[in-house]
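> So that we are looking at the same thing, I have put the structure below in structure tokens.
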Amino acid sequence: MRTFLALVLWGLLFVICWPIALIMLFLFPFVWLLLLPFRIVGFTLDVVFSLIKGILLFPFRIMNVL
């Protein structure tokens, strides 16, 4: 659904102002490559915080089982 919405919005932009739409079409992969390290760091931090949460809550999970 998100991809369809993006395609419809890009088509609307193409009808209204086609030069900006074409520039956006060619610049999008470069912006995606530029933002990729931030997504990797975000994923890594999410995993680290989940690990810390699991370590801190492990004794309570053991107590809950017993």
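> Right, Ile40: under 18 Å from the mean Cα position of the chain (by Cα) and without any contact (Cβ under 8 Å) to a residue 40 or more places away in the chain or not? Outline the logic, then answer.
On the way: under 18 Å from the mean Cα position of the chain (by Cα): yes; without any contact (Cβ under 8 Å) to a residue 40 or more places away in the chain: yes.
When the stated conditions are applied, Ile40 passes them.
Rundown of residues vs (1) exposed (fewer than 10 other Cβ atoms within 10 Å of the Cβ); (2) over 13 Å from the mean Cα position of the chain (by Cα), yes/no style:
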site: Ile20; (1), (2): no, yes
site: Met24; (1), (2): no, yes
site: Pro29; (1), (2): yes, yes
site: Leu35; (1), (2): no, no
site: Thr44; (1), (2): no, no
site: Phe58; (1), (2): no, yes
site: Val65; (1), (2): yes, yes
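Read-outs throughout are calculated quantities, based only on the coordinates presented, and are distinct from any laboratory measurement. Worth saying up front: this structure is predicted, and the values here are computed from it rather than measured. Using ideal geometry, Cβ is built from the backbone for each residue, glycine included, and neighbour counts are taken over all protein chains shown.
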